[in-house]
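**Student:** So that we are looking at the same thing, I have put the structure below in structure tokens.
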Amino acid sequence: MFEFSIPTKIIEGQGYINKIGEIVNENGSRIFLVSDALTMQETGYLSKVKTLIEEQTHGVLVFNKVYSDSNSDLVNKGADQARNANCDCIVGFGGKTTLNIAKAIAFLVANGGILEDYFLGKKGKKKNICYIEVPSAFGYFPGLTDKFYVTDKYEGMKKAITSPYNYADIVLIDPKLTSTIPTKFSASIAMQNIAIAIDTYISKAANVISDTFSLRSMEFTSHNITKSIQDAENIQLRSMLSSAGLFTSLAVANSSPGITYALSLGLNAIYGIYQGITSSILLPYVMEYSLTSSANKFVQIAKAFGEDTTDITVVEAAIKAIEGVRKLLYDLKIPQKLSDLELDKEELFNAAKVARSYEFLHFLPRPVSQEDLYNILISAF
């Protein structure tokens, strides 16, 4: 028995960003446009989107203050500005950090207070104001889940707020926007997408539908990311990667992330390091830990990567899944060890402690302790 639901309208296609004004106008009149402080502005897309929305609505207030290390304080400030301007629709435009911040602002405008109150247990009981998500990357899209992750400014770690109202009203996916991703980040974004797909696939919370989305995401990403980096202007390849991000998002919405995601959050809290690169490095080591409890599913992962599993045992085929991940990491020239990132080894224990605090680890196929998490980090160092 399982339930699968998604209340969000999904619009996908090349050139759909040009319809953003019309789409927003159908859902709000005073718009709060949340974006990052660099990429969207430098590429000219922020100005374009602002103009398109202005032409169709009563006004746009731009909040382009998001950085990779933005925390709950920024959410509080953004919500105050949106509320004081009587904005009735939040548009999140950018990468995953920006989208989580925007989604949190939509939550806080409706529910009041400061975000730290909700980290301490206060519940959001009101429906979020309209939230439209426009991702610029092909990783998973927060708007398709009931959670958002924002760094607690006091504790320095990312925390999740869960609410049935946290789904975006609309997610608009235009593959052309992924051209804004710097080449050096494309590989790690793709690998993090694979890592999350594998996490959700082997989770005890998974079901037949989330499994289908997870496997499809692995297939689309592993078969297209190298070619996409080599041919960055190929919109068909970027469309496949955007679809992979969509599939992972739909899987996460109806399953659960796992060890790789938890450890990347732990490392981010301690070192402030980008989750995409740490997820990429950690994935094969997490898979080795999970092999005995998920061997049959690993066979399907190997097949999704295009590995030949005929006439070999289940364990041999499962090992091919890990080999497929390592080969892709090598082809993408992603570091193989955490030590390549020049991290202080002594802090890994604290990263494992943070990672173990995430409740979604209850859905793992093989239970994991803080010591287990620490040992995985050590093996990956």
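The values are calculated or read from the model by the stated rules, or taken from the named source; none is laboratory data. All values reported here derive from a predicted model rather than from experimental measurement. Neighbour counts run over all protein chains shown; Cβ positions are idealised from the backbone, glycine included.
**Student:** With crowded, with 17+ Cβ neighbours inside 10 Å and touching a helix residue (DSSP H, G or I) at 6+ places or on another chain (Cβ under 9 Å) as the only criterion, which of S293, S243 stands out?
**Tutor:** Numbers: S293 fails: crowded, with 17+ Cβ neighbours inside 10 Å.
None of the others qualify; the one that does is S243.
**Student:** Only one of I202, I170, I194 is within 26 Å of A106 (Cα to Cα) and at pLDDT 95 or above; which?
**Tutor:** Answer to the selection: I170.
**Student:** List, please: which pairs have Cβ atoms under 7 Å, are six or more places apart or on different chains, and start with a residue in the range 194-215 that is in contact (Cβ under 8 Å) with a residue 60 or more places away in the chain and end with one that is surrounded by fewer than 22 Cβ atoms within 10 Å (Cβ to Cβ) and of a type in the set (D, E)?
**Tutor:** Y201/D211
**Student:** Considering only residues that are among the hydrophobic types (A, V, I, L, M, F, W, C) and without any contact (Cβ under 8 Å) to a residue 60 or more places away in the chain, which ones fall in the range 287-297?
**Tutor:** Taking the range 287-297 first, the residues among the hydrophobic types (A, V, I, L, M, F, W, C) are 287, 291, 295.
Within the range 287-297, L291, A295 qualify.
**Student:** Here's something else I'd like to know. With the requirement that a residue be exposed (fewer than 14 other Cβ atoms within 10 Å of the Cβ), part of a loop (DSSP other than H, G, I, E, B) and of a type in the set (V, I, T), what does the range 300-359 give you?
**Tutor:** Listed by number, the residues that qualify are T310, T313.
**Student:** Taking I10, is it of a type outside the set (F, W, Y), modelled with pLDDT of 95 or more and in contact with a strand residue (DSSP E or B) (Cβ under 8 Å, 6 or more places away or on another chain)?
**Tutor:** Numbers: of a type outside the set (F, W, Y): yes; modelled with pLDDT of 95 or more: yes; in contact with a strand residue (DSSP E or B) (Cβ under 8 Å, 6 or more places away or on another chain): yes.
Yes, satisfied.
**Student:** Output the number of residues of the range 158-184 satisfying the condition of being out of contact with any Lys or Arg (no Cβ under 7 Å at 6 or more places or on another chain), within 30 Å of Y118 (Cα to Cα) and among the hydroxyl-bearing types (S, T, Y).
**Tutor:** So the count comes out to 2.
**Student:** Which is within 18 Å of P7 (Cα to Cα) and in a loop (DSSP other than H, G, I, E, B), of K122, K153, K126?
**Tutor:** On inspection, the qualifying residue turns out to be K126.
**Student:** Right, next: Quick one: which residue in F4, F63 is more than 26 Å from I235 (Cα to Cα), of a type in the set (F, W, Y) and not assigned by TED's automatic domain parsing to the domain that holds E133?
**Tutor:** F4
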